[in-house]
Amino acid sequence: MPQLLAPPTDALTTRPRVPAGFRSQRPFYGHESGSRVVDVSVCIANWNCRDYLRGCLESLLDVPHGVNLEVIVVDNASSDGAADMVAREFPEVLLVRNEKNEGFARASNQAGRRATGRYVFFLNNDTVVPPLTLAQLVGFADTHPQIGMIGPRLRDGQGKLQISYRRKPTLRALLHRAALLRWTGIFRQAYDDYRRDGFRPNGVCRVEVLMGAAVLMPRAVFDKCGEWDEGFRFGVEDVELSDRVGRDYALVHLPGVEIIHFGRVSSRQNANFVGPNLMIGYVRYLRKSGVSRAKLTAYKLVVTLDSPLQLLGKSFQYAWRRLTGAEKRKAEKSRMAVHSGWRFLTRELGRFWQA
């Protein structure tokens, strides 16, 4: 239960000048108080989310936030023109263009290493930040220097609350996800404790894992704790970072501050990349969290044997949804699951065993 609490050289970096005729200075960007000290460095990793990214940047740069801020966007070789949009419409943003998709963790580190603020704020590209949000986060952090990470409350685009924090995953909880074992119910309680138990949307509380969609950290904590683990290509890196930071500092959910998070925009566009890397990420996390080699080998064996069953089940589900004229969104979700499962079995199984 939560406890209640009172620069690399492998990428092209550009900071273009404001073009003639453009709004030469956004009304609330940067040094609002006249101080030269940057309070918050907003770090955004982006891949093919141009329109969402535009909305996110507008929410940061066109409204008051009560702090001195800088915004750093690392674009992972987007093919939708997102990087050019940032350069054209938001010239005050520090833009880093990667030549290939480096993944969330590495892109976030690229941004963090260029940050000059007292705090680094890692933010998903599919978010909207209400006015004065950053001032609220910084104000709380300044008065609680023992805290290592702060996460706001998250809502989706329809205003529905999202899970903003959760407990650490355990081997028993992850085993429940296997079709081979789920029917037995042996690990159901462990899974429910991990996924569903303990989330209280109201009240400031100390937590085990903060969702990586929006996390504020003191720059000193980010440097001391070792940045994001770049061994995670996509997914579970926020669990591992929370675990590492939580050994020395408190992690706090701050529900008085809210951010809109549309959720999984990038991942839905590339399920073949996301699905296998999530499975590999969980193995990496379990190993780093101290799970024995024997138990980890047993887990890998269960997942390997279970994956064909999962693939077969999703294939039947997709066929049934197509035949019965089910909602298109649901059929597409099944189709992506089939592609993801096939890629894992045919191309990523070796990397899974090596993790």
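The values are calculated or read from the model by the stated rules, or taken from the named source; none is laboratory data. Bear in mind the structure is a predicted one, so any value in this text is a computation, not a measurement. Please note: Cβ atoms are built from the backbone with ideal geometry, for glycine as well, and neighbour counts cover all protein chains shown.
One table, with the values for the structure above:
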item: Hey, residue 313 over 30 Å from residue 128 (Cβ atoms), more than 21 Å from the chain's Cα centre (by Cα), modelled with pLDDT of 90 or more and not assigned by TED's automatic domain parsing to the domain that holds residue 154 or not; result: yes
item: Inter-residue pairs, beta-carbon under 8 Å, first assigned by TED's automatic domain parsing to the domain that holds residue 45 and in segment 58-86, second modelled with pLDDT under 95 and β-branched (Val, Ile, Thr), 6+ apart; result: 68/37
item: Residue count, segment 63-85 (criterion: in contact with a Pro (Cβ under 7 Å, 6 or more places away or on another chain) and surrounded by fewer than 22 Cβ atoms within 10 Å (Cβ to Cβ)); result: 2
item: Residue in segment 319-329 that is modelled with pLDDT under 90, surrounded by 12 or more Cβ atoms within 10 Å (Cβ to Cβ), under 25 Å from the mean Cα position of the chain (by Cα) and farther than 22 Å from residue 182 by Cβ present; result: no
item: Residues (of a type outside the set (D, E, K, R), surrounded by 21 or more Cβ atoms within 10 Å (Cβ to Cβ) and not in a loop (DSSP other than H, G, I, E, B)) located in segment 219-237; result: 222
item: Residue within segment 156-168 that is surrounded by 15 or more Cβ atoms within 10 Å (Cβ to Cβ) and among the aliphatic types (A, V, I, L, M) present; result: no
item: Failed criterion for residue 298 (all others in (1) modelled with pLDDT of 95 or more; (2) buried (at least 19 other Cβ atoms within 10 Å of the Cβ) hold); result: (2)
